[in-house]
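A short write-up of the structure that comes next.
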């Protein structure tokens, strides 16, 4: 007998793959939320768009707000292991029972809209999950909701809100099939989270991406804040300590909880965002900024699972993400690396491989559990060899890929899993289950 949660998840899954069945636009989400009483108007919010770093930045903002004793909501996507991860109150994922109740209400509202003829097809998976999150945030009376944009910005369901602050993290090439084939086009889509009367915070951007962002700010009569340069002092195991000065304050020797040099820039953007929130009248304390940046945790982003060998999980899924991961390899991984790699077929996989493969001793290619997954057999014929010179190992499943990785990696080496957040989620679930990996035939 299935549970109410299982039934809710089965229904949402029946709506189609989150990306393949995606329907960009705000009409459906607007009608759905209105049918539910417009819950998105019941709480103040921050919206975070961008290509890379938006999840980490959203996580930092939420951690800071929570350290300020605010009741926080956090909505992110995709999830790694279970859908409840996407919706958090005070850092705790929504319960399965609560998720099922709200999912039922959202489904009923969607079906009523169809029965009345207001909609011809059901709202998508992402639209309905977004509505579930907004209902939860409204009914839990959060003091601040932090919303990570799913894709783009202009037509993403999260962009239905009127936020206090709009944040744009670094923009790069990603989802070109949906957002455009140039940085300028992609930036134009993401810039739409900036609206009249909204404070804006913009990370360092390529020149081609910066122009559309500035044009959007001018059109909306918004004076944005731009991330500046920090003083980086030192790092310990990839966790950096830095100092940074804004117009309002100076933050001395702040140590980050998240690994990687690129997280310093995300932290600077988070600092500007929470200072803007404070100017909007929400109580953010200086001490909470420092404590929140040090306590922030974001699974699957340079997450180290200890063992012999350890496993490094990173959601690098585009060229810029691969570049950041390669920088981490070069700076901190001075031992043999085995890369377990799987990606979606709409990504620039060759460029990702050119960044990562030369830095590792062995590559294991596998298939992600998604209809969008690239075929590892085809990839093996088209991608460069690993730095160790060997041809990639092709594994038919994640279980087999991990078995190969543990077989070929010395105890003083490291296994890195990258290429897709979905792959990271599958591996994370396997590692958490503690089920022994099947032996590799013939090994």
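Quick check on the chain: helices-only [θ] at 222 nm, where DSSP H runs of length 4 and up contribute -39,500 (n - 2.57) each and the sum goes over total residues. Nearest 500, please. It would help to have the intermediate numbers written out before the result.
Details: 15 runs with 177 residues, N = 443.
Helix contribution divided over all residues of the chain: -12500 deg cm²/dmol.
Compute the projected area of the convex hull of the Cα atoms of segment 85-192, averaged over all viewing directions, and report it in nm² to one decimal place. All intermediate terms of the calculation are to be shown ahead of the outcome.
Working: hull surface 32.7 nm².
For segment 85-192, averaging the hull's shadow over all directions gives 8.2 nm².
Compute the distance from the alpha-carbon center of segment 48-97 to that of segment 145-220, in whole Å.
A separation of 19 Å, based on Cα centres.
Could you give the length gained by full extension between residue 162 and residue 354, i.e. 0.36 nm per residue of separation minus their alpha carbon distance, to one decimal place? Walk me through the numbers on the way to the answer.
Working: separation 192, 0.36 × 192 = 69.12 nm, distance 4.06 nm.
Using 0.36 nm per residue and subtracting the Cα-Cα distance, I get 65.1 nm.
So, in Å, what gap is there between the alpha-carbon centers of segment 356-401 and segment 304-323?
With segment 356-401 and segment 304-323 each reduced to a Cα centre, they are spaced 15 Å.
Just the number, please: Stokes-Einstein D of segment 1-131 in µm²/s, Kirkwood Rh from C-alpha pairs, 4 °C, 1.567 mPa s.
In µm²/s, the coefficient rounds to 81.
Write down the percent of antiparallel bridges among all DSSP beta bridges whose residues are both part of the chain, to the nearest 5.
Working: 18 of 50 bridges.
Antiparallel bridges: around 35 percent, rounded to the nearest 5.
Within 10 Å, count the other beta carbons around each residue, average over each peptide in 288-295, 24-31, 98-105, and list them highest first.
Details: 288-295: 21.1, 24-31: 17.2, 98-105: 19.6.
By packing density, highest mean first, the sequence is 288-295, 98-105, 24-31.
Compute the Cα gyration tensor for segment 303-432, then decide on rounded, prolate or oblate, letting a ≥ b ≥ c be the square roots of its eigenvalues: rounded whenever a/c is under 1.5, prolate when a/b is larger than b/c in the other cases, and oblate in all that remain.
On the way: a/c = 1.31, a/b = 1.15, b/c = 1.14.
Rounded, because the longest to shortest axis ratio a/c is under 1.5.
Dividing the Cα convex hull volume of segment 281-371 by residue count, how many Å³ per residue is that? Could the numbers behind the result be given before it?
Working: hull volume 15.1 nm³, N = 91.
Taking only Cα atoms, segment 281-371 has a hull volume of 165 Å³ per residue.
Of 168, 363, how do they rank once you tally other Cβ atoms within 10 Å and put the fewest first?
Numbers: 168 30, 363 27.
Going from sparsest to densest Cβ surroundings: 363, 168.
Counting other beta carbons within 10 Å of each residue's own, what order do 351, 301 fall into, fewest first? Don't skip to the end; give the middle numbers.
Values: 351 15, 301 25.
Ranked by crowding around the Cβ, least crowded first: 351, 301.
Based on the mean of other beta carbon atoms within 10 Å per residue, what is the order of 48-54, 426-432, most packed first?
Working: 48-54: 27.1, 426-432: 18.1.
Ranked from most to least packed, the peptides come out as 48-54, 426-432.
Rounded, prolate or oblate, given the Cα gyration tensor of segment 4-295, with a/c below 1.5 counting as rounded?
Values: a/c = 1.82, a/b = 1.47, b/c = 1.24.
Verdict is prolate for segment 4-295.
Every number in this text was worked out from the coordinates using simple rules, so none of it is lab data. Computed from a predicted structure; not experimentally measured. FYI the Cβ positions are ideal-geometry reconstructions off the backbone, even for glycines, and counts take in every protein chain you see.
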